[in-house]
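The values are calculated or read from the model by the stated rules, or taken from the named source; none is laboratory data. Values in this document were obtained by computation on a predicted structure and should not be read as measured data. Positions of Cβ are backbone-derived with ideal geometry, glycine not excepted, and every protein chain shown enters the neighbour counts. The area values use the complete protein model at the heavy-atom level, side chains included, leaving out ligands, DNA and RNA. Shrake-Rupley method; radii C 1.70, N 1.55, O 1.52, S 1.80 Å.
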Amino acid sequence: MFITARQLQDQHRASGTIALPAGARLTPLAIDFLRLHQITPIVSPPKSETQHESNSRSSTVPSDVPTHASSNAASITYWCGTPSGIAKAAIMNASREFSLQPIGIPEEPTQVLHAIKMIALRLGLSNGSGSIIVVEHAGLATILANRHQSVRAVVATSLASLKAALNQASANVLIIEPAALPLAVLSNLINHFCRGIRPISADVQSQLEVRP
């Protein structure tokens, strides 16, 4: 069942909320509507599931739209701003264990600002989710990303530095320069990032709010 933006708009106008049936899928315009208006839909669990089962399964609503349905895994999106077979292969490998979804922005270097704004909006709506950005050079993307309050971006360099960023700063965006890393290392970094994403702690939040 596909839900259109017009249906979401009509429902929100009538009740002030949006409820989606189990198994519902959203059109691209419907997803944009939720992002634009920062609406978190309520997703009904399948009738055949018990409450315990419904809490342990992922909704069919795309992962870049936050919902009230709970899941054991963080929702993760990705965007590639440079063509890289190695990065795509590493992401596809990670998709076997984690639910990774593209954010729907054209995969072109000129779209980096648009992609980061979309990622920041999504992360601001869903604490505990994460994103992966693939670029030729990480400098600009890192600066642009970390200007957003909801983003804590780290560049993939080594497993040790990634672990530190996850543990000490609750990093939620992994920026990758694919030319600098072999496939095995890149896959290991992506898998560890996906596994290590967690909501920001009060301690980290207080540290980030301190101004020099």
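Miscellaneous remarks
Residue by residue, here is whether (1) in contact with a Ser or Thr (Cβ under 8 Å, 6 or more places away or on another chain); (2) modelled with pLDDT under 90; (3) not aliphatic (A, V, I, L, M) holds:
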site	(1), (2), (3)
Gly124	yes, yes, yes
Ile143	no, no, no
Val151	no, no, no
Val173	yes, no, no
Pro199	yes, yes, yes
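- Considered as a group, the residues in region 77-112 that are under 17 Å from Asp32 (Cα atoms) and not polar (S, T, N, Q) include one that is modelled with the lowest pLDDT, and that residue is Gly104.
- In region 7-32, the residues that are free of Cβ contacts under 8 Å to residues at least 24 places away in the same chain form Cβ pairs under 8 Å with partners that are among the aliphatic types (A, V, I, L, M) and surrounded by fewer than 17 Cβ atoms within 10 Å (Cβ to Cβ), at six or more places apart or across chains, as follows: Gln11/Ala19; Pro21/Met1.
- Every residue from region 116-139 that is in contact with a Lys or Arg (Cβ under 9 Å, 6 or more places away or on another chain) and either in a helix (DSSP H, G or I) or among the basic types (Lys, Arg) (or both): Ile116, Met118, Ala120, Leu121, Arg122, Leu123, Leu125
- Restricting region 123-141 to residues that are farther than 23 Å from Ala89 by Cα and among the polar types (S, T, N, Q), the residue that is most open to solvent (accessible area, probe 1.4 Å): Asn127
- In the set (1) open to solvent by less than 30 Å² (accessible area, probe 1.4 Å); (2) at pLDDT 80 or above; (3) acidic (Asp, Glu), Asp64 fails one condition alone, (2).
- Some residue of region 146-158 being assigned to a loop (DSSP other than H, G, I, E, B), buried (at least 19 other Cβ atoms within 10 Å of the Cβ) and among the aliphatic types (A, V, I, L, M): yes
- Taken over region 9-31, the residue count meeting the criterion of being outside any helix (DSSP H, G or I) and open to solvent by 60 Å² or more (accessible area, probe 1.4 Å) is 2.
- Selection within region 100-115 - under 13 Å from the mean Cα position of the chain (by Cα), surrounded by fewer than 17 Cβ atoms within 10 Å (Cβ to Cβ) and part of a loop (DSSP other than H, G, I, E, B): Gly104
- Any hit, region 46-56, residues being open to solvent by less than 70 Å² (accessible area, probe 1.4 Å) and either at pLDDT 50 or above or among the basic types (Lys, Arg) (or both): yes
- Among the residues of region 82-98, those identified as more than 17 Å from Ala184 (Cβ to Cβ) and in contact with a helix residue (DSSP H, G or I) (Cβ under 9 Å, 6 or more places away or on another chain) are Thr82, Phe98.
- Taken together, the criteria exclude Ala120 from residues that are more than 19 Å from the chain's Cα centre (by Cα) and either at pLDDT below 95 or buried (at least 16 other Cβ atoms within 10 Å of the Cβ) (or both).
- Residues of region 174-204 satisfying the condition of being open to solvent by 60 Å² or more (accessible area, probe 1.4 Å) and over 26 Å from Arg96 (Cα atoms): Ala202, Asp203
- Region 82-92, residues that are open to solvent by 20 Å² or more (accessible area, probe 1.4 Å) and under 17 Å from the mean Cα position of the chain (by Cα): Lys88, Met92
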